[in-house]
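Following: one structure in structure tokens, then a few remarks.
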Amino acid sequence: MIDLKSVSSKRLLTAALIVAACLSSVSCIDQELVDSIDHIQIDRAMDFSALRDGSYEGTVDKQLVVAQVRVTVSAGRVESIDILRHSHGPGKKRGAYELPARVVAAQSLDVDWVSGATGSSKVMLKAIEEALRAGL
């Protein structure tokens, strides 16, 4: 005779182990993505006065956070930064939407992160830096 309680318990335990293994691997992947954002280095000393006139695009895609920008330069000054694409993970997290205005106002990449959006800020600044490098 088959003990249904024992079979159900074994199936439940197997299912729980499979779910735990899946969550563990997802957690590891997410940590790698977070680490890739944490290790972004920004050239905060970039000399904007050396920039050539024109419009330049930069994109940084770290899967969890993506930023694509267009930077317009005139007479060695950043005139505008348009966000072409910005995604910052699941949920209603704050993005770094105000960061381009800070860069324009400061004429520098040496600006504060957006509070509550550090990862988004790093990716956005790196995208702006990539665009500016095209203008050097």
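We did not get these values from a lab; they are worked out from the coordinates using the rules stated. Note that the structure is a prediction, hence the values are computed from the model and not measured. We place every Cβ from the backbone using ideal geometry, glycine too, and count neighbours over all the protein chains shown.
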Quiz item: What's the local net charge at A75, with K and R +1, D and E -1, over the other residues with C-beta under 12 Å away?
Solution: 0
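Once you sort the root eigenvalues of the Cα gyration tensor of region 70-127 as a ≥ b ≥ c, which label holds: rounded (a/c under 1.5), prolate (a/b larger than b/c) or oblate (the other case)? Don't jump to the answer; show the numbers that get you there.
Numbers: a/c = 2.86, a/b = 1.83, b/c = 1.57.
Taking the square roots of the gyration eigenvalues as a ≥ b ≥ c, region 70-127 is prolate.
Once you list every other residue whose beta carbon is under 11 Å from the beta carbon of I42, what net charge do they have if Lys and Arg are +1 and Asp and Glu are -1?
Details: positive: R44, K122, K126; negative: D43, D110, E129, E130.
Counting the neighbours of I42, the net charge comes to -1.
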